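Contents: one structure, followed by commentary.
The values are calculated or read from the model by the stated rules, or taken from the named source; none is laboratory data. Since the model is a prediction, treat every value here as computed from it, not as a measurement. A quick note on method: Cβ atoms are made from the backbone with ideal geometry, for glycine too, and the neighbour counts reach across all protein chains shown. With ligands, DNA and RNA removed, areas are computed over all heavy atoms of the protein, side chains included. Shrake-Rupley method; radii C 1.70, N 1.55, O 1.52, S 1.80 Å.
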Amino acid sequence: MRRNDREITDKAKIQDIIERCTCCRLGFCDDGTAYIVPLSFGYEKTENGYVFYFHGAKEGRKIDLIHATHKAGFEMDTHYKLNEGVAACEYSARFQSIIGNGAVEIVEDFAEKKHALVRIMQHNTGKADWEFPDQHVHAVGIFKLTVTELSCKEHL
């Protein structure tokens, strides 16, 4: 990281920033071009780091790229605020952001799909006592990103 003075390494603070983020942007390399998609997400902290869960259609460009590459970059941010100045070069922005890379895979196991849906709903609503009809679990596409690299920074 170029700006070490903005780097966050405290695990509790990183967890807090992830909790405050509402969108995770996944980036894929698609035959030499970037394909970036914003997604709502859920997550869990594991012994080795983080796993992010996503849901969506079972087919399409994103799913094709998951099958082809099995990896993606990600970005999420929160607390954006413009710091105004008198001159253009005096403006800056406040933010907290996390970027990284990970292994992406489609989740096929029924129990893990339900677990992922609960994590997504818990992150977005604060409630964890959700029930999902079996037909909905079977119908939705679920995929997960297991984080292999993560960096976090802030400018407040």
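Observations on the model:
- Angle of helix 110-125 to the longest C-alpha principal axis of the chain, folded into 0 to 90 degrees and rounded to 10: 40°.
- Highest GNM mean-square fluctuation among Asp30, Asp129, Asp64, for the chain modelled with Cα contacts below 10 Å: Asp129.
- Among Ala68, Cys89, Ile106 the positive-end extreme of the charge dipole of region 1-132 (Cβ point charges): Cys89
- For region 15-156, with all protein chains in place and a probe radius of 1.4 Å, 51% of the accessible heavy-atom surface sits on carbon or sulfur.
- Ellipticity estimate at 222 nm from DSSP helix runs (n ≥ 4, -39,500 (n - 2.57)) divided over the chain, nearest 500: -8000 deg cm²/dmol
- Calculated FRET efficiency for the pair Asp16/Phe132, C-beta based, R₀ 30 Å, to 0.05: 0.60
- Only Lys, Arg (+1) and Asp, Glu (-1) charged, at Cβ; region 7-78 dipole about Cα centre in debye: 140 debye
- Counted over all Cα-Cα pairs of region 99-143, pairs farther apart than 17 Å make up 37 percent.
- Region 67-156: GluC sites (Glu not before Pro) in DSSP coil with no more than 14 other Cβ atoms inside 10 Å: Glu84, Glu108, Glu131
- Placing unit charges on the Cβ atoms of the charged side chains and taking the dipole of the chain about its Cα centre, the candidate lying farthest along the positive direction among Tyr50, His155, Phe143 is His155.
- Point-charge dipole on Cβ atoms (K/R +1, D/E -1) for the chain, about Cα centre, debye to 20: 280 debye
- Comparing Cα centroids, region 99-146 and region 77-94 end up 36 angstrom apart.
- For the chain, average projected area of the Cα convex hull in nm²: 11.1 nm²
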